[in-house]
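Colleague: Just dropping this structure here.
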Amino acid sequence: MSNVISCSQCCPTTTFVPNWVQTTPTPVCPVQPVTPNPVFPSTASLTNCTPLQVIQPTPTTVLVTVSIPTEAIITLPTKALEIKNIKKRLKITQSRFFNSPPAVAGVPTDTPKLFLAGFVRKDIQFSKATSQTSTTVTGTINDFVVDVPWSCVVDLGTALVLPPTRFGAQQEYEFGINTALPAGFATKDRLISGDLSEFNLISSEFLNGLPKVSLVFSQINEMDDALDRVALTGGPFEEGQFTKIQEKMIILVQVLLTFPTVITTTTSDC
């Protein structure tokens with residue numbers, strides 16, 4: 001009996017693959033689309049609001065009063081029989097001051113602007129019908145909170161003389177050199193020029209101060225109308241239900257701008 005083991009038994013020429021691997025399909029990963037350029041959000045022109053009043057209480061403050069009209073359509077989460085109360089609170093999320101560039105001869109000049117944006121938090125309390133007869137309605141009181149956004153650009157006009165915007169600058173300088181010339185030039189001649197092997201720069205930076213904006217007063221005058229009101233089935237003839245509300249608001253805002261330096265006005269009539 002031979003004890004010799006063939007090479008094919010100890011060193012198989014093929015790699016062993018389990019049967020469950022052979023029957024399992026290879027997963028195919030979906031190819032993700034490649035966006036060559038970033039997608040920027042859409043932009044739109046903002047409403048330019050003429051302020052009702054611009055006054056200067058102190059040498060470093062400006063009081064701005066502006067009226068902002070807004071409109072929105074609100075969809076309630078369930079059918080409403082009647083609006084009981086709407087509590088509102090004004091929120092300001094953006095107050096950005098833009099100073100006008102310094103006047104340059106022959107170039108049109110702009111006026112300083114104040115970007116204002118935010119939302120009105122509305123807590124809408126309404127009744128919902130749960131059962132009804134021809135003469136009565138039984139219901140529950142529901143609560144719905146929604147944020148209504150608003151934005152406006154306030155033109156501060158030409159009456160204010162604001163602190164000028166100071167710009168940063170970069171100034172390059174170099175040193176002169178005096179070196180010998182190569183063969184072919186007179187021995188007494190010299191190369192006089194700037195040194196091309198150096199780069200010297202003075203960078204100046206000014207940190208302009210932005211004004212602090214504070215909310216002094218706000219008033220919201222609103223009108224709300226139901227858009228899809230239908231009669232309440234089986235209830236009194238004058239009762240109805242709705243889910244969509246069209247609201248129009250006049251937002252009266254008064255903000256105080258506090259500048260870090262003293263400003264002056266050219267006229268008292270704004």
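Colleague: Part of a strand (DSSP E or B), at pLDDT 90 or above and open to solvent by 50 Å² or more (accessible area, probe 1.4 Å): does that describe Phe242?
Modeller: Numbers: part of a strand (DSSP E or B): yes; at pLDDT 90 or above: yes; open to solvent by 50 Å² or more (accessible area, probe 1.4 Å): no.
Taking the combined requirement at face value, the residue does not satisfy it.
Colleague: Here's another thing I want to ask about it. Between residues in the stretch 187-198 that are without any contact (Cβ under 8 Å) to a residue 12 or more places away in the chain and residues that are of a type outside the set (Gly, Ala, Ser), which pairs lie under 6 Å by C-beta distance while being six or more apart or on different chains?
Modeller: Asp189/Leu181
Colleague: Being within 30 Å of Thr75 (Cα to Cα), among the aliphatic types (A, V, I, L, M) and more than 28 Å from the chain's Cα centre (by Cα) is true for just one of Val137, Val153, Val104. Which residue is that?
Modeller: Just one listed residue meets the conditions, Val137.
Colleague: Further, regarding this structure: Name the residues in the stretch 97-122 that are without any contact (Cβ under 8 Å) to a residue 60 or more places away in the chain and open to solvent by 60 Å² or more (accessible area, probe 1.4 Å), would you?
Modeller: Phe98, Ala103, Val104, Ala105, Gly106, Val107, Pro108, Thr109, Asp110, Arg121 - these are the residues of the stretch 97-122 that are without any contact (Cβ under 8 Å) to a residue 60 or more places away in the chain and open to solvent by 60 Å² or more (accessible area, probe 1.4 Å).
Colleague: Does Ala44 satisfy the criteria of being surrounded by fewer than 10 Cβ atoms within 10 Å (Cβ to Cβ) and either at pLDDT below 80 or on the phi > 0 side of the Ramachandran plot (or both)?
Modeller: yes
Colleague: Does any residue in the stretch 221-238 that is touching a residue at least 40 places away in the same chain (Cβ under 8 Å) come within less than 7 Å, Cβ to Cβ, of a residue that is open to solvent by 100 Å² or more (accessible area, probe 1.4 Å) and assigned to a loop (DSSP other than H, G, I, E, B) six or more places away or on a different chain, and which pairs are these?
Modeller: Every condition considered, the pairs that remain are Pro236/Thr135.
Colleague: Let me confirm something: among Ile74, Ile141, Ile92, which residue is of a type outside the set (Phe, Trp, Tyr), in a strand (DSSP E or B) and either over 25 Å from Gln241 (Cα atoms) or in contact with a Lys or Arg (Cβ under 6 Å, 6 or more places away or on another chain) (or both)?
Modeller: Criteria check complete, one pass: Ile92.
Colleague: Take the stretch 123-177 and flag every residue that is among the aromatic types (Phe, Trp, Tyr) and either surrounded by fewer than 17 Cβ atoms within 10 Å (Cβ to Cβ) or within 23 Å of Arg229 (Cα to Cα) (or both).
Modeller: Selection gives Phe126, Phe144, Phe167, Tyr173, Phe175.
Colleague: Quick one: how many residues across the stretch 223-239 are in a strand (DSSP E or B) and of a type in the set (D, E, K, R)?
Modeller: The qualifying residues number 2.
The values are calculated or read from the model by the stated rules, or taken from the named source; none is laboratory data. Remember, it's a predicted structure, so these values are computed and weren't measured experimentally. Cβ sites come from the backbone with ideal geometry, for glycine too, and all protein chains shown count toward neighbours. Surface areas here come from the heavy atoms of the whole protein model, side chains and all, with no ligands, DNA or RNA. Shrake-Rupley method; radii C 1.70, N 1.55, O 1.52, S 1.80 Å.
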